[in-house]
Amino acid sequence: MSNINQWQPEWSSGIQIIDDDHKKLFHIIKKCWDSWDNRHDSNQLSILLDELIDYVNTHFAREEQHLEQLGAPKLQDHRYLHADLKNQVVAYYNMDQADKEAIGTDVLVFLENWLVNHILKVDVPSFKELVKP
Ligand SMILES: [Fe+2]
Ligand SMILES: [Fe+2]
């Protein structure tokens, strides 16, 4: 079950479109959880994760573009973190059915924790440093 019930103020980056993306990502993860909690169907989870990874791609590209325009330092490190997450989701995709069923819950816990941690520790500090109120 998801641990995210509502948006927390400390997740705000100060950039509306980035916050909207993060909200949408949480929304998709919540849909994945709802489906998984109901049926533990790895095919259904893969379909929803497909939607998640599509939006992750859109968001990472948008975020990296914003950071580049703002002249963010250490942008390459940030890009590596994004690429690493994408690789881990692809690795899950490539597992066989039984393994997917076995670790579905762990994958969702991992994704949710990754997103919260990444927003709090990487995204928000990066934008706050570049955009002074
Ligand atoms: Fe990021
Ligand atoms: Fe982000």
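Read-outs throughout are calculated quantities, based only on the coordinates presented, and are distinct from any laboratory measurement. As the structure is a computational prediction, the values presented were derived from the model and not from experiment. So basically every Cβ, Gly included, is an ideal-geometry build from the backbone, and we count neighbours across all protein chains shown.
The shape of the range 12-72 comes out prolate: with a ≥ b ≥ c from the C-alpha gyration tensor, a/c is at least 1.5 and a/b beats b/c. For the range 14-130, the residue among A91, L70, L45 whose Cα projects farthest onto the positive side of the dipole built from Cβ charges is L70. Extension gain for W114-Y80 works out to 10.8 nm (0.36 nm per residue, less the C-alpha to C-alpha distance). Per residue of the chain, the DSSP helices (runs of n ≥ 4 H) give a summed -39500 (n - 2.57) that works out to -26000 deg cm²/dmol at 222 nm. Dipole magnitude for the chain: computed about the Cα centre from +1 point charges on Lys and Arg Cβ and -1 point charges on Asp and Glu Cβ, it is near 380 debye.
Here the translational diffusion coefficient of the chain follows from Stokes-Einstein with Rh set to the Kirkwood radius across Cα pairs; for 25 °C and 0.890 mPa s it amounts to 158 µm²/s. For the range 57-103, the convex hull spanned by the alpha carbon atoms encloses 66 Å³ per residue.
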